[in-house]
Amino acid sequence: MVDQKQPSKHYRGMVLALLTLVYGFNFIDRQIVGILAPFIQQDLGLTNTQLGLLIGLAFATFYTLVAIPIAWLADRYNRVNILSIALSVWSGFTALTGLAGNFVQIGLARMGVGIGEAGGSPPSHSIISDLYPKEERAGALGVYSMGIPLGIMAAYFATASLMGASGEEVNWRRIFIFLGLTGIALAVVVRLVLREPVRGAMEFDNHADIVQPPFNESLKSLLKIPAWWAMCFGIAFGSFVSYSFSAFQTKYLVMLDPSFDFKTLVIVLGVINGTTYAGGAYFGAKLADLWGAKTIRAYGWLPAIAIAICLPIGVMSFWVSSVWVHLVFTTFLLLFLGIYLGPSFAIAQTLAPVNMRAMSTALFFFILNMIALGGGPTFTGWLIDVFKQANTDITAMRYAMTVTCAMFIPSIVSFMVVARVLPNDWAAAEKRNQELAKNA
């Protein structure tokens, strides 16, 4: 049953916090493979290319393809039910990852995680958009996007707490099983606590039923919005580097200084992600709302500026000779990487008609994850193996990450396009929703 009452500020905050926690688990289960990569690779005898496939394409293919039919369901049926079932599925497969004995088995388990996680963001974005008006939406979605750094931080902390007394005692299987079972428990909480909100509550005064368009109509409508399309490519190419960075960073630092205490390393990386990356996501979203109140173009200019700063920082971080210096560069890189999340999520939701919001998120994540998650780690892993033929392992990784960082350039260009075309698309979106309100 849909709750017809306007939600209280306290309830909205509680929902946002819980959805952010769920999104955090999404990234815990995604990030943990990269953190434990040296131990998984050694235990199962994986090549760098296989490791990149495991983190990237094997996960992303199912994640992106399944997200579209799930979003179709989320635009029509109870989003809370869909979210809780999805969380149970991906958590169950996370636990099964810890039981894998070879590349095929762990690859199948990661595919299962991808299928489950496909049902996470589309219903969550749609729920948030029905609880917060467009003037507050970037801020709310910015808070939600903090689930990324907080989830990554939790993944590092979980590794540190479950790994034993030294880096030689890392039981990666136990970590996957523990995280999977915890996620299943969280799915029960989600189902019991959240209520399905009214669709279009922040745009429509009369909470009448909204006509849901066919899939083909939704697809055509969204792909005709230039700013939406440019935003997708902007965040996709930026995240291409981000996913590659996180997939191979632990392996790089272990090679850079084998004597560096691994437990200390994961704790420091957890703190950095939970502070600077989360802070960048939060303040980037708030700054976008403040600047956006003066000019809508800010939703494009702010990410473009932030990613332009990331380019030299990302390259230099892999050419330093000290783990600690690398971590300093990582701190600044993550701060600016977090800035583009809130504005991008807000564009995806605000430009989409209210009856296509879950589909907007699914298509947005389809483009994002096929390019970034599917392409980034896979491309970088392949490059490392190519450069290894004539270089040392660490030099090969440095070359590979330098080439990978060049993908920041199309991201910058894409967000500059967003800044140019967004005012017209934003006004058109308001007009479309007004027409939907009249016909509701």
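None of the figures in this text is laboratory data; all of them are computed from the coordinates on show. Keep in mind it's a predicted model, so treat the numbers as computed, not measured. No Cβ is skipped: glycine too gets one built from the backbone with ideal geometry, and neighbour counts run over all protein chains shown.
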Rounded tilt (10° steps) of 103-117 against the dominant C-alpha axis of the chain: 20
Rounded, prolate or oblate: which fits segment 239-301 when a ≥ b ≥ c are the square roots of the eigenvalues of the alpha-carbon gyration tensor, with rounded for a/c under 1.5 and prolate only if a/b beats b/c? prolate
Can you tell me the dipole magnitude for the chain around its Cα centre, using point charges on the Cβ only (Lys, Arg +1; Asp, Glu -1), in Debye to the nearest 20? 540
Selection from TRP90, PHE379, VAL418 lying farthest towards where the dipole of the chain points positive, charges on Cβ: VAL418
Whole-angstrom gap from segment 389-422 to segment 329-344, using each part's C-alpha centre: 15
How far, in degrees from 0 to 90, does helix 323-337 lean away from the longest principal axis of the Cα atoms of the chain, to the nearest 10? 10
Sort VAL315, VAL418 so the one with the fewest other Cβ atoms within 10 Å of its own Cβ comes first. VAL315, VAL418
Rounded to a whole number, what is D in µm²/s for the chain from Stokes-Einstein with the Kirkwood radius over alpha-carbon pairs (20 °C, 1.002 mPa s)? 99
I need the phi-derived Karplus couplings for segment 152-158: 6.51 cos²θ - 1.76 cosθ + 1.60, θ = phi - 60°, integer Hz, Gly and Pro marked x. 4, 4, 4, 5, 5, 5, 4
Restricting to DSSP H runs of at least four residues, report the calculated mean residue ellipticity at 222 nm for the chain, -39500 (n - 2.57) per run over all residues, nearest 500 deg cm²/dmol. -25000 deg cm²/dmol
Is the shape of segment 266-322 best called rounded, prolate or oblate, per the rule: a/c under 1.5 gives rounded, else a/b larger than b/c gives prolate, else oblate, with a ≥ b ≥ c the square roots of the Cα gyration tensor eigenvalues? oblate
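Can you put TRP229, TRP382 in order, fewest other beta carbons within 10 Å first?
Result, fewest neighbours first: TRP382, TRP229.
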Vicinal HN-Hα couplings computed from phi for segment 32-45 (Karplus, 6.51 cos²θ - 1.76 cosθ + 1.60; Hz; Gly/Pro x): 4, 5, x, 4, 8, 3, x, 7, 5, 4, 5, 5, 9, x
Distance from segment 84-107 to segment 32-58 (C-alpha centre basis), Å: 15
Which value, in debye to the nearest 20, gives the size of the charge dipole of segment 23-163 about its Cα centre, when Lys and Arg are +1 and Asp and Glu are -1 at the Cβ? 100
I'd like the orientation of helix 393-405 relative to the chain: the angle between its Cα long axis and the longest Cα principal axis, in ° from 0 to 90, rounded to 10. 20
Ranked list, fewest to most other Cβ atoms within 10 Å of each Cβ, for VAL198, VAL193: VAL193, VAL198
